[in-house]
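The structure appears right after this line, and notes come after that.
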Amino acid sequence: MEHKRWYKDMVFYQIWPRSFKDGNGDGMGDLWGVLEKLDYIKSLGCDGIWFSPVYPSPGADCGYDIADYKDIAPEFGGMEAFKKVLDGVHERGMKLIMDLVVNHTSDEHEWFEKSRRKIEPYTDYYIWRPKKPNGKLPNNWDSNFEGKAWTLDKVRGEYYLHLFAVKQPDLNMDNPLVRQEVKDILKFWLDMGVDGFREDVITYISKKEGLPNDRVFPIYKGMWHYNHGPHIHEYLAEFKRDVLDNYDCFTLAEAPLISPKRALEYIDEKNGQIDMMIQFESQTADCLFTDYLPTKFSLRRMKKAFSKWQYRLAGKAWNMLYLENHDHPRIISRYGSEKFHDESGKTLAVAYLFQKGTPFIYQGQEIGMTNWRPESPDMYEDVQTVYYYTHSNLKQPPEKRLKKLWRSSRDSARTPMQWSSDKNAGFTSGEPWFYVNDNYKEINVALQENDENSLLNFYRRAIKLRKSLNAVRYGTYKEYFRHSNRLYVYSRESDAQRLLIVCSFSDKPEKLMLPKGFDIFKAKLILKTHQNTDEKLLQPYESRVYLWEKQ
Ligand code: GLC
Ligand code: CA
């Protein structure tokens, strides 16, 4: 049986700070804005917040390029505002986790400034390689964002490795001093009272000795040599043993391209080093590995991913459940239907909120924000998108390339939160740092607050139910009709309760299929997406949750 831990009973809300709420009118979201909205987050039934990075940063990757790990960016309100938010969170009985980004720093971090000048002890804080006489790069690895993984630093006259943007040099985790820095950072925030960390691409931090060339095939060359590298478990165990174990905190690791089998090496409750994992499999029901290789949405693939993680972790480790975050386009635009906006938004909510694990909601998901579709490619901000647009498929017509970004770009989900029908969607009284989605007058919090049947209020009801039902938090999971490409049906069962969750992903009426032994005439219908329910038919994107109380 799994351990009882507080985070297992919670629902988390992810804040991507720049676009959440501007409190001081300069057009950029900040912690003053967050402070204003803590009651809103609590009202959803969320008990925890994950902050995407709020540290000082030049912003080459919207804060994932950190220039100082032990401070808060002045534009977000500095340490003073942060402490107010932290107190406000704790006063409301909620928890707060920070983003720990230690695969790389910003090239404007003091460590890098010193390392490129070979000032001790920083000389080996990063991964440096000399220039070769033949002008070749140190190896064939690709970066995830901007071409090759090596850039020549003029100051030091050597190449440094960056698995992401040019302005994100990778730290040399094999250096014990660097690991000590990481532990100091963890300790710094935990001592201040934060409750845990989401660890950014943490499975990348240990690179294979000698940094060998990679095979020709993988999407990003090098991946075989740095994802789950040779010392990964040893380093994570060190962080846990030396710091994390001394606090009542939890960790959530981001792990691109991971299988449940591999995940268990990290999160098995018996001997893992991490508590939960962000897997990417459930994000690939409409693409191959990445949003940049889109395919048609397949419900079967979505179900397969969901069930695989439910079954494989059962009794051994705890799932992290999510549909959206700041790295993927909006889910209604992908797995749902903009035409059946509310219905498909609700069905998606039911599809994941009743699974076993800790659900995360990304800002705006609860009102069904949809993909942003700018009319011009130069409106994009995201470093990955900009590089892709300027370097890929250049022979295709510009409209086609632009449309591709609508589906693939992370910016599709990074527009300001739509609070109301007021100017700038109520996000700022100033000039917003980024474009507001044109549909803010139809999709916003204020409108949905006033409508009992809105998606927002549906989320509230679903979360409340989830929390009141032991079977949802701790019961077993079972999927039915897995070949159906229209319905997702699963049950959850504990000693006292049995639940059946039925979700239609079809835009037409569908026959209500019930697994054997589930007599709905003896059940209570405890959640439904549509007002009127038929015994035999499901309306487009209709979902239901039935409950049987055992005697
Ligand atoms: C993670 C983050 C993403 C960031 C990247 C590099 O994938 O979620 O936003 O760009 O790591 O830090
Ligand atoms: Ca601001």
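The values are calculated or read from the model by the stated rules, or taken from the named source; none is laboratory data. All of these numbers come straight from a predicted model, not from anything done at the bench. Cβ coordinates were reconstructed from backbone atoms using ideal geometry, including for glycine residues, and neighbour counts include every protein chain displayed. All accessible areas refer to the heavy atoms of the entire protein, side chains included, with ligands and DNA or RNA removed. Shrake-Rupley method; radii C 1.70, N 1.55, O 1.52, S 1.80 Å.
Summary of computed values
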item	result
Matching residues in the stretch 33-51 - criterion: being part of a helix (DSSP H, G or I), within 16 Å of ligand 2 (Cβ to nearest atom) and open to solvent by less than 30 Å² (accessible area, probe 1.4 Å)	GLY33, VAL34
Members of the stretch 247-303 found to be under 30 Å from SER392 (Cβ atoms) and either of a type in the set (Asp, Glu) or not assigned by TED's automatic domain parsing to the domain that holds PRO329 (or both), listed by number	GLU254, GLU281, ASP286, ASP291
So THR390, is it open to solvent by 30 Å² or more (accessible area, probe 1.4 Å), more than 17 Å from GLN283 (Cβ to Cβ), assigned to a helix (DSSP H, G or I) and more than 16 Å from ligand 1 (Cβ to nearest atom)	yes
Of residues in the stretch 252-304 being part of a strand (DSSP E or B) and more than 16 Å from ligand 1 (Cβ to nearest atom), the one least open to solvent (accessible area, probe 1.4 Å)	PRO294
For SER206: the one exception among (1) outside any helix (DSSP H, G or I); (2) in contact (Cβ under 8 Å) with a residue 60 or more places away in the chain	(2)
Test for LYS511: is it in contact with a Leu (Cβ under 7 Å, 6 or more places away or on another chain) and either open to solvent by 80 Å² or more (accessible area, probe 1.4 Å) or farther than 15 Å from TYR488 by Cβ (or both)	yes
Residue in the stretch 52-68 that is outside any loop (DSSP other than H, G, I, E, B) and open to solvent by less than 30 Å² (accessible area, probe 1.4 Å) present	no
Pair list, Cβ under 6 Å, 6 or more apart: the stretch 234-259 residue farther than 27 Å from PHE289 by Cα, other residue open to solvent by 30 Å² or more (accessible area, probe 1.4 Å)	VAL243/LYS187; PHE250/ASP275
GLY63 being within 15 Å of ARG18 (Cβ to Cβ), without any contact (Cβ under 8 Å) to a residue 24 or more places away in the chain and out of contact with any Leu (no Cβ under 9 Å at 6 or more places or on another chain)	no
Whichever residue in the stretch 421-435 is within 15 Å of ligand 2 (Cβ to nearest atom) and part of a loop (DSSP other than H, G, I, E, B) and, among such residues, is surrounded by the fewest Cβ atoms within 10 Å (Cβ to Cβ)	GLU431
Search result, residues across the stretch 1-32 that are without any contact (Cβ under 8 Å) to a residue 60 or more places away in the chain and surrounded by fewer than 21 Cβ atoms within 10 Å (Cβ to Cβ)	LYS4, ASN24, TRP32
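Okay, residues lined up against (1) at positive phi; (2) in contact with a helix residue (DSSP H, G or I) (Cβ under 6 Å, 6 or more places away or on another chain); (3) within 16 Å of ligand 1 (Cβ to nearest atom):
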| residue | (1), (2), (3) |
| --- | --- |
| HIS3 | no, no, no |
| MET10 | no, no, no |
| ILE15 | no, no, yes |
| CYS46 | no, no, no |
| GLY78 | yes, no, no |
| ALA81 | no, yes, no |
| LEU86 | no, no, no |
